[in-house]
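The values are calculated or read from the model by the stated rules, or taken from the named source; none is laboratory data. Values in this document were obtained by computation on a predicted structure and should not be read as measured data. Heads up, the Cβs are rebuilt from the backbone with ideal geometry, glycines too, and the neighbour counts pull from every protein chain shown. For accessibility, only protein heavy atoms count, side chains too; no ligands or nucleic acids. Shrake-Rupley method; radii C 1.70, N 1.55, O 1.52, S 1.80 Å.
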Amino acid sequence: MQLYLGIANKRIPYTYIDKQQQASGILVASVTHLCEQINAHCNFVAEDFEQLLEDVRTFKLHGMIVIDDFISPEIDGLKLTSPLCMLTPALIQKQVENPRLAPEDFKSTTIGVQEGSLLHLYLLDAYSSSARLKPYPILESAVFDLVSGRIDALLADDAFFRERVAKTILGKANSNVSLIAPKLDGVDLPATSMTLAVRAHDKELLAALEQAIQASGKTLSCASLLKTDDTAKAKPND
């Protein structure tokens, strides 16, 4: 069985197109394993989020990988699997003795976040009364602004920090600018991120994928999947 699944590009370490023009990332690896479990060969197509939604609805794709995106299964006519991994929100900031975490710590500051993401919605609800929010289509751009002082912090998943920041000079304690990522506890995000979405009437496909996910065991943090991926030397596809 051939399946065609949509992915977002430039979302290292989750999904992206590598230098060989192949789909890569920790979620691509996870879904490829699921496809093997249901005796399917999965082909990945990279597009922007709105185009992927449209392509699934119009039968051009069997489904798509959802990464920290706002999606309404009822409105969009889709069904979601259980999460492939769990986000661990972290507030990336310059190294200081007392890192800022609470909303009141960010009074008159600017916090960056992935544009249109569930973390963006969380910041709007919990931090917008204290801080200015600056959404970014590509998080690597936010890291650049953080280093240069245009923003004061960046809310992202711990997996992003480990792969795209901690492995660079910015993750070294003795560098001119050192970034840290204290975890943000108590963030209650909807279970609509880091999943697979398929059309609502594709019940057999959804059931097969869900069974494979459940058989894989306990859902781990996304950062814990990094050791199974080859993104250690990946570069952004600017």
Would you work out which of 143, 170, 66 lies farthest towards the positive end of the dipole of the chain, given +1 charges on the beta-carbon of Lys and Arg and -1 on that of Asp and Glu, about the Cα centre? 170
Expressed as a whole percentage, what fraction of the accessible surface of the chain belongs to carbon and sulfur atoms when a 1.4 Å probe is rolled over the protein heavy atoms? 50
Once the Cβ-Cβ distance between residue 108 and residue 140 is put in as r, and R0 is 45 Å, what FRET efficiency do you end up with, to the nearest 0.05? 0.95
Would you grab the residues whose amide H sits under 5 Å from the one on residue 116? Only those 5+ places off in sequence or on another chain, please, with H modelled 1.01 Å from N. none
Where the centre of each part is set by its Cα atoms, how far does the range 1-59 sit from the range 189-204, in angstrom? 14
CD proxy, 222 nm, the chain: helix-only mean residue ellipticity via -39,500 (n - 2.57) per DSSP H run with n ≥ 4, per residue, nearest 500, stands at -7500 deg cm²/dmol
Which order do 161, 49 take when ranked by solvent-accessible area (1.4 Å probe, heavy atoms of all protein chains), largest first? 49, 161
Normalised by the number of residues in the range 1-158, what is the relative contact order in percent for Cα pairs under 8 Å and 6+ residues apart? 21
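With every protein chain present, what is the per residue accessible area of the chain (1.4 Å probe, Å²)?
Per residue, the chain has an accessible area of 50 Å².
In percent, what relative contact order does the range 143-214 have, based on Cα pairs under 8 Å that are 6 or more apart in sequence?
15
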Environment charge at residue 175 (Cβ cut-off 14 Å; Lys +1, Arg +1, Asp -1, Glu -1): +3
Derived scalar couplings ³J(HN,Hα) [the range 127-136; Karplus, 6.51 cos²θ - 1.76 cosθ + 1.60; whole Hz; x for Gly, Pro]: 10, 5, 6, 10, 10, 7, 9, 10, x, 10
Separation of the residue 174 and residue 133 label points, Cα + 7 Å toward Cβ, nm: 4.0
Hey, got the dipole for the range 153-218? About the Cα centre, +1 on K and R Cβ, -1 on D and E Cβ, debye to the nearest 20? 320
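How big is the charge dipole of the range 1-81 about its Cα centre, in debye rounded to the nearest 20, if each Lys and Arg gets +1 on its Cβ and each Asp and Glu gets -1 on its Cβ?
Using only the charged Cβ atoms, the result is roughly 240 debye.
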For the chain, what proportion of DSSP beta bridges, expressed in % and rounded to the nearest 5, is antiparallel? 50
In whole angstrom, note down how far apart the Cα centers of the range 123-174 and the range 82-98 are. 10
Given H placed on each backbone N at 1.01 Å, which residues far from residue 61 in sequence or on other chains put an amide H within less than 5 Å of it? 56
Connecting every pair of Cα atoms under 10 Å apart in the chain and solving the GNM, the largest mean-square fluctuation among 21, 51, 95 falls on 21
Only Lys, Arg, Asp and Glu count, each charged at its Cβ (+1, +1, -1, -1), so figure out the dipole size of the chain about its Cα centre, rounded to 20 debye. 660
